[in-house]
Amino acid sequence: MSKLDRCIAPLMQGKTMDKITPCVQVTEARSSGQKLIVTISDGINSCPAVIIKPSQPVDQYAVIKIYESLKHTKEIVIIVKYTVEERLDAVIGNPKPYATAGASDTSSSDKVKTTSTSKSSSSSASTSVQPKAKKSSGTTAADNFYDDGGMSSILDDDKLSNDQAKPISNLNPYDKVWVIKARVTQKSDMKHWDKGTSKGSLFSIELLDEYGGQIRATFFNDVAKKYYDAIKERSVYFFSGGKLKDANRKFTTIPHPYEITFDRDTVIQNARDSEIPTDTFNCTRLCDMTNVEDNMILDVAGVVQNIGETKEFTTKNNRKTKRCNISLIDDSSSPFCTVDLTIWGDMCDTHDMQQGDVVILKSVRKSNYGGVSLNTINSTRIFKDPGIPIYQQLSEWYQNNEGSFDGEGIKLTQKQAAVNSERTFKRKNVIADCKNMSVDTVTAPDYLTIRAYVSYIKHELWYDACTNKECNKKVQQNEGIYHCSSCNHSSDTCTRKFLANLGITDWTGKQYCNAFNQAVEKLFSDMTADDMCARAAEPEYMPYLLGEKTFTRYVFTVRVTTETTKEPKLKFTIIRVTPIDYAREAKSILSLIRDYDI
Ligand SMILES: [Zn+2]
C-alpha cells in the first residue's frame, strides 16, 4: 500500500512540508468544467482541493504525488502539477477534515547525544506475550486494576520486550496496539480539580525514547492514583495501551502531534539498562520567539547577561512570594537581542545562575509582558551542561564576542523580533509577508519581491484614457467626445490603458494587487491595451487569453503603501512583472545555501 505523507496540516498552514513532493490520496473527485474538485487526504487529515488543469485522469481513491501546489484561500489547496501514483479502491486510514486553527511548532530541536549506540539486550528475552492494549479473554490489566495495589502497579517481568517497542514518533490514534520503551524525563505533581459537576485528579509525564522521540502522557483519577507513586522521574519503562489524542501545546514543548492518555488497559513494566538520554531540549531561538503564541511552554538557551535583585512582594491572594529578573542573550540575530526572564518564588534562591553563564531552560512560559518575556513555572529546570550541543555553540559565541555585549542589546519586542528574524534568514518574500504588514509598520513605501502565480484576473482590464501626452487619466465620453476633467482636454478619440486587479498566490496564501499599464503589458507579453480591446470583440478571445494566463508564474515586485483617504489601509501595487529566470534563481538559492556555511 502506498505511503501517504503527512502534509495536509502544513499545506493548510502555508508551511514548508517535510517532503517537497508529498503523496496524498484523493478520497472524493468530481469534475467541474475543465477543473477537478477533489478531497485529498494524508491518512490523518483531509482538505478540499482543486486540480486546475488535469493532466491525467484522477479517480476516487487514487494516490497522487503533488509536484506543485498553492494555497488559494484559507480552506482550499490548488494542485498545479501532479502524477497519479497508484489506483486503489478504498480510503487509507480514517482522515478527518483539517480544522484551520492549527497549533504552532517549536522550531529547532537539540538532543542530548547518547554516548554509545549499542542497544540494551538483557531485557529482550524472547516471549510471545502480546501487549495488552485491548481487553481480551483471560486476565487483563483492567481486571487486575484494583487488585494490584499501588506498589505492584508496575510490572517487573518480561511481558513487554525491546523487540515489541516501536519509536514514539510513529505513535498515532489509528494504531491501537503498541509498545514503547521510554525514559520519564519529567513528572508533574498530582493536580486536583473541583468544578462542582466534575471533580478529579491528574498527573502527566514526558517520555523520551532512544530514537529521540518524545511524547507527553497524562493519567487521570483512578489510573493517576494507581501509578503516581510508582512512576519515578528519570526511570525507564515499557508502556503499552492508552489513547492517542491531539497534543495541546499550551502544556508542553514536545513537538509530537499527539499525546497519550493512559487508561485502565495500560500496562507499564520496568525496563532496566538503557541508552536513552536523560533529557532532550526543543530550544526556541530568542529571535524566533515572536512566532510562538503567548502562554506556550518553551525550552530556551541563552547566556545570562544581567541578574537583577530578588524582590519580595505580596500576591493578589495575599501570599508573600518573590521574583527576580535576569536577561538572556543569544546568537540568533545580529546585533544580539535580549529577552527578560522572570524567576518566581523559591527558585530565586536556588537557581545558581551567574552573569556570563550559558544556561538551557527546560519549560518556561512565554508572555507578552514588555513585548516578549519568559517566566519560570513549577516544572522549569535549569541546565548548565557542556554536553548539550547548544551549550558549546553559545559558549563559543559568547567568548568570541566578549566585550561587545556592554550595550543594551536589542530588546525583543514583537516588531523588532520580526525584523531580526528577517535579517537572520534573508530570502525572497512570500505572500505571508504581505499579511504580516500593517498600517502601523508601513510608514514609507515598502517593496516586496514575490515569486507567485497569477490566480485571478478581474475582467475589466482597461479604461478609456486621455490622449493628451503624459496625462493618461480616465476620460468621460459624452456624445462621441471624450473629455478629461484632469487636464481639461477634449478629443473625439481616446486610448486604452491597463488598470488591472490581480490575485497572486504562492504556497503561503493569496494577495490581491492593483497593476498599472506597464506591468500588465509585460504580463501579456507586451500587448497594449488598445490591441487587446480591439481583439476582445471576438467572443472567444478574452476567455482564452485569461485562461491561458491564469496559473502562470512570475516574479512580482509589489509596492506597499498606506492609503489614507478614508480608513487607513494597505495598498498593494504590482510595479514590475518579470518572467522567472530559472538559471538565476538556482544561482541565488545556491548562494543562500553557501551562506549557511554547512
Ligand atoms: Zn488628460
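The values are calculated or read from the model by the stated rules, or taken from the named source; none is laboratory data. Nothing here was measured: the structure is a model prediction, and the numbers come from that model. Glycine also receives a Cβ, built like all others from the backbone with ideal geometry; neighbour counts cover every protein chain displayed. Just the protein is used for accessible areas: all its heavy atoms, side chains included, with ligands, DNA and RNA removed. Shrake-Rupley method; radii C 1.70, N 1.55, O 1.52, S 1.80 Å.
Just a few scattered comments:
- Length-normalised contact order for segment 8-97 - Cα pairs under 8 Å, 6+ apart - percent: 30
- Here the calculated FRET efficiency for T321 and K195, from their Cβ-Cβ distance with R0 = 41 Å, stands at 0.95, rounded to the nearest 0.05.
- Distance between modelled label sites at E312 and E585, nm, 7 Å Cα→Cβ extension: 6.6
- Gain upon complete extension [Y512, Q34; 0.36 nm per residue less C-alpha separation]: 169.7 nm
- Relative contact order for segment 283-416, counting Cα pairs under 8 Å that sit 6 or more residues apart, in percent: 26
- Ordered from largest to smallest accessible area (heavy atoms of protein chains, 1.4 Å probe), the residues H483, H256 come out as H483, H256.
- Between segment 193-270 and segment 372-398, the alpha-carbon center distance in angstrom: 26
- Cα shape, segment 283-416, gyration tensor, a/c 1.5 rule: prolate
- Angstrom value of the Kirkwood radius, inverse mean 1/r, which spans all Cα pairs in segment 8-97: 12.8
- Accessible surface comparison of K225, K473, K566, probe 1.4 Å, protein chains only, largest first: the order is K566, K225, K473.
- Segment 11-74 and segment 530-544 have Cα centres spaced 33 Å apart.
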